[in-house]
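The values are calculated or read from the model by the stated rules, or taken from the named source; none is laboratory data. These numbers were taken from a predicted model, which means no experiment stands behind them. In this analysis, Cβ positions are derived from the backbone assuming ideal geometry, glycine residues included, and neighbour counts consider all displayed protein chains. Ligands, DNA and RNA are stripped out before the accessible areas are found, and what is left, the full protein with its side chains, is counted by its heavy atoms. Shrake-Rupley method; radii C 1.70, N 1.55, O 1.52, S 1.80 Å.
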Amino acid sequence: MANIQQLLNDEIRRLARKETNGSMKELKAQLVELRKTVSDLNRRLKALEKSAVPADIPEVVADQDAKDTHPALRVTAARITKWRTQLGLNKSQYAELLGVNLLSVIRWESGKSTPREEQKRRIVAIRDMGKRELAKVMAAKNIVAKHSK
């Protein structure tokens, strides 16, 4: 009697496993497709974010002709640090305001790298802003001011 009961239990387990694996294959295939879709959407989003220019920071140079007539933007590590501290911003707030990574600001200020032309234009645009205008931009981007923490 024990052998029959053991055989029945083993057969039931085998059939249950087979049924579960069959239904799980469909779900796994769907999961793979969803992950591919999410990955593709993330890639497209990053490409769009990279190409987008924040609307709330004014452009210093409007078109290509103006770029040619405008003198080279002189943005150095010391100047970036000086302008940031004059505005009363910490590095992470400054990075958020510029739309760049915190590490980028750290590297710029240490002199290990230099900002690209587009980023230089944003830096100069922020430098030329008044305190009230800067506060409005920060509020629009939900950046918390240093003194309110």
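Computed values, structure above
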quantity	calculated
Nearest-0.05 FRET efficiency for Asn90 and Arg17, computed from C-beta distance (R0 35 Å)	0.05
For region 1-47 and region 99-120, distance of Cα centres in Å	47
Gain on full stretching of the segment that runs from Thr114 to Asn9 - 0.36 nm per residue minus C-alpha separation	30.8 nm
Ranking by accessible area, most exposed first, for Leu27, Leu89 with a 1.4 Å probe	Leu27, Leu89
Rough spin-label spacing in nm, given labels placed 7 Å along Cα→Cβ, for Leu27 and Val144	4.0
Surface accessible to a 1.4 Å probe, per residue, for the residues of region 86-139, Å²	55
